[in-house]
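The values are calculated or read from the model by the stated rules, or taken from the named source; none is laboratory data. Worth saying up front: this structure is predicted, and the values here are computed from it rather than measured. We place every Cβ from the backbone using ideal geometry, glycine too, and count neighbours over all the protein chains shown.
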């Protein structure tokens with residue numbers, strides 16, 4: 001059954017998933033992005049989508065190795081996490 005989410009709600013859930021993939025709570029992400037925890041909460045609930053706010057969050061997540069990409073063609077979003085190379089073999 002498909003979810004009935006607005007674009008803003010779907011975008012917010014994407015940012016929440018990215019934050020969780022980075023292992024950050026809202027307060028830590030807010031500090032890293034130079035925003036308030038309330039702003040992060042609003043974004044994740046789909047209530048704030050100002051481009052400068054979203055850009056600050058994406059930059060903070062990128063520093064943590066988490067990338068968010070949105071397709072202009074089909075509206076789909078993807079979240080990727082990257083890991084630093086280590087000396088261990090792939091598990």
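Could you please find all residues in the range 20-34 being in contact with a helix residue (DSSP H, G or I) (Cβ under 7 Å, 6 or more places away or on another chain), crowded, with 17+ Cβ neighbours inside 10 Å and modelled with pLDDT of 95 or more? Explain how you work it out, then say what you get.
Quick first cut of the range 20-34, residues in contact with a helix residue (DSSP H, G or I) (Cβ under 7 Å, 6 or more places away or on another chain) only: 22, 26-27, 29-30, 32-34.
Now drop any that are not crowded, with 17+ Cβ neighbours inside 10 Å, which leaves 22, 26, 29-30, 32-33.
Residues satisfying the conditions are 26, 29, 30, 32, 33.
Against the test of being modelled with pLDDT of 95 or more, in contact with a strand residue (DSSP E or B) (Cβ under 9 Å, 6 or more places away or on another chain) and assigned to a helix (DSSP H, G or I), the options 57, 40 yield a single qualifying residue, 57.
Among the candidates 46, 12, single out the residue that is outside any helix (DSSP H, G or I) and within 20 Å of residue 71 (Cβ to Cβ).
The conditions single out 46.
Among the residues of the range 1-42, which ones are in contact (Cβ under 8 Å) with a residue 60 or more places away in the chain and under 15 Å from residue 55 (Cα atoms)? Matches in the range 1-42: 11, 14, 18.
Of all the criteria given as (1) more than 21 Å from residue 6 (Cβ to Cβ); (2) within 12 Å of the chain's Cα centre (by Cα), the one not satisfied by residue 43 is (1).
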